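Presented below is the structure to which this report refers.
Just so it is clear, none of the values below were taken in a lab; they were calculated from the coordinates. Computed from a prediction, not measured in an experiment: that's the story for all the values here. Cβ placement follows ideal geometry from the backbone for every residue including glycine, while neighbour counts extend to all protein chains displayed.
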Amino acid sequence: DAGVIQSPRHEVTEMGQEVTLRCKPISGHNSLFWYRQTMMRGLELLIYFNNNVPIDDSGMPEDRFSAKMPNASFSTLKIQPSEPRDSAVYFCASSLGAGFYGYTFGSGTRLTVV
Amino acid sequence: QKEVEQDPGPLSVPEGAIVSLNCTYSNSAFQYFMWYRQYSRKGPELLMYTYSSGNKEDGRFTAQVDKSSKYISLFIRDSQPSDSATYLCAPRWTNAGGTSYGKLTFGQGTILTVHP
């Protein structure tokens, strides 16, 4: 199994630009989570999908952030427009079921907004 | 006050030492307690989890929960350089009465270095 695949691994962009992060969950997993990790705030849940439907987006910081899951094998997290304070490592994770017993994380996308 | 508090360290120990990593939490609704390990430039990986109070052992690792004091511990025996990583505690609510999914609340993580 290839695990959870995220792309790109690194992204450097200028303030104001649109950024799209991509995630391919483990085949057969029906729950997907987007997390953000910073030194100051640690790991924060942004949004949770179950069977491609957003269930909890209360962690999405503001309207500049949006996430989609058009099918079971692909999800995107978009930031438009990006700001320097969005600089962080963004992780995607997936699980079978509702993730009650943990989930598998990808290797993350390191985003730098200058 | 954060729901989960964890000393970020860093913690540096010699190979073979017993390591104690700890978290405190404030939400008494937490029933499941997970530990994740995160190597540099990688995503967190689930190490082990326990339910309610008590101990759970897995090889060199022992997880301990004291719900009365809201205190979580992870012990590593005979520590190895390959154990060098960041360790994150992550409690969650019980299935019933809490969220409808396994929403985890992560601690800040403790950076551990085991030197040869």
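Which one of the conditions (1) within 12 Å of chain B (Cβ to nearest Cβ); (2) touching a Ser or Thr at 6+ places or on another chain (Cβ under 6 Å); (3) not in a strand (DSSP E or B) does A:H29 fail to meet, given that it meets all the rest?
So A:H29 meets the others, but not (1).
Would it be correct to say that B:Q31 is touching a residue at least 40 places away in the same chain (Cβ under 8 Å) and closer than 21 Å to B:S79 by Cβ?
no
Considering segment A:62-110 alone, what residues qualify as being over 15 Å from A:G3 (Cβ atoms), in a strand (DSSP E or B) and within 14 Å of chain B (Cβ to nearest Cβ)?
A:A88, A:V89, A:Y90, A:R110
Tell me yes or no: at least one residue of segment A:44-52 is surrounded by fewer than 18 Cβ atoms within 10 Å (Cβ to Cβ) and either part of a helix (DSSP H, G or I) or more than 10 Å from every other protein chain (Cβ to nearest Cβ) (or both).
Within segment A:44-52 (the criterion being surrounded by fewer than 18 Cβ atoms within 10 Å (Cβ to Cβ) and either part of a helix (DSSP H, G or I) or more than 10 Å from every other protein chain (Cβ to nearest Cβ) (or both)), the answer is yes, since at least one residue qualifies.
Answer yes or no: is there a residue in segment A:86-98 that is without any contact (Cβ under 8 Å) to a residue 24 or more places away in the chain and aliphatic (A, V, I, L, M).
No: segment A:86-98 contains no residue that is without any contact (Cβ under 8 Å) to a residue 24 or more places away in the chain and aliphatic (A, V, I, L, M).
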